[in-house]
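Presented below is the structure to which this report refers.
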Amino acid sequence: MMEDFFESTNKHSVLCGAAPTLVKRCNRQGAAMKWTYQCPNCCEELVLDSSPRIRTKVVAQGATRSRLQPAINVQIAQGMTEAGVNTQKTQEFLCDTLSIKIAKDDNLRNQQTKVRAGINSIFEERKVENRKKAVAARRELATAENLNWSKDGVAHSTICGDISIDGAGATRSYGKGYKGSCAAANAIDRVTGLPLDVLTSQVGNTFSCS
């Protein structure tokens, strides 16, 4: 986008014989910047926008619709969530260490709700796809066993599968007077090697320190 801006300003300067000057700087859109230049001869405005605007398919928690927003802000929230970095560390690294302006903490958390909603949506879609593939692969085996049953007069056929289940649990301490137990387990189809489900549990308990 900066290369396109340079090209347009250079062409304009050749035609008008004057270089555009900066008349307005907008740095209040998170990591996005929008600078407005104006030609002193013809008064035409040329805008340098550092990020395209998008509307996400999912909406933030508590919102009714997705508003038009800089893509860079959503990308930062996405990368932060995928890398497992919280908002505080992101602010410390980009803002405090590198002096790169990004969205405020509450806005980052708001963007994160969109990313997590998108991840949950994709997870549900992939889970259904993997289960269909696992059932199809199991039915093709010569040793496949079908369990035939009926409910409300409707006949059903359920394939007997072979899965592997594994998981882990731990107790974590979160500062003063608080701890919680966490557990996770996943089920893998042994024919296709695809995950069929992932279950997590987090339980918090408060206690007093004497």
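Just need a number here: residues in the range 105-125 that are of a type in the set (D, E, K, R) and free of Cβ contacts under 8 Å to residues at least 12 places away in the same chain. Explain how you work it out, then say what you get.
Quick first cut of the range 105-125, residues of a type in the set (D, E, K, R) only: 105-106, 109, 114, 116, 124-125.
From what's left, free of Cβ contacts under 8 Å to residues at least 12 places away in the same chain: 106, 124-125.
Looking only at that region, the number is 3.
Looking across the range 73-90 at every residue that is crowded, with 19+ Cβ neighbours inside 10 Å and more than 12 Å from the chain's Cα centre (by Cα), the one that is farthest from ILE102 (Cα to Cα) is identified as THR87.
Quick check: anything in the range 8-22 surrounded by fewer than 11 Cβ atoms within 10 Å (Cβ to Cβ) and either in contact (Cβ under 8 Å) with a residue 24 or more places away in the chain or touching a Leu at 6+ places or on another chain (Cβ under 7 Å) (or both)? Yes: one or more hits. Being more than 30 Å from LEU199 (Cβ to Cβ) and either out of contact with any helix residue (DSSP H, G or I) (no Cβ under 8 Å at 6 or more places or on another chain) or surrounded by fewer than 17 Cβ atoms within 10 Å (Cβ to Cβ) (or both) is a property that holds for GLU44.
The number of residues in the range 114-134 that are among the β-branched types (Val, Ile, Thr) and crowded, with 17+ Cβ neighbours inside 10 Å comes to 1. Inspection of the range 188-196 identifies at least one residue that is charged (D, E, K, R) and either touching a Cys at 6+ places or on another chain (Cβ under 6 Å) or modelled with pLDDT of 85 or more (or both).
So which residues in the range 46-65 are hydroxyl-bearing (Ser, Thr, Tyr) and either without any contact (Cβ under 8 Å) to a residue 24 or more places away in the chain or out of contact with any strand residue (DSSP E or B) (no Cβ under 7 Å at 6 or more places or on another chain) (or both)?
The first filter runs over the range 46-65 and keeps only residues hydroxyl-bearing (Ser, Thr, Tyr), leaving 50-51, 56, 64.
THR56, THR64, listed by residue number.
Of SER164, SER121, which residue is polar (S, T, N, Q) and at pLDDT 90 or above? Let's see the steps before the verdict.
On the way: SER121 fails: at pLDDT 90 or above.
Within the list SER164, SER121, the selection yields SER164.
The values are calculated or read from the model by the stated rules, or taken from the named source; none is laboratory data. Quantities reported herein were computed from a predicted structural model and do not represent experimental measurements. As a convention, Cβ positions derive from the backbone with ideal geometry for all residues, glycine included, and neighbour counts pool all protein chains shown.
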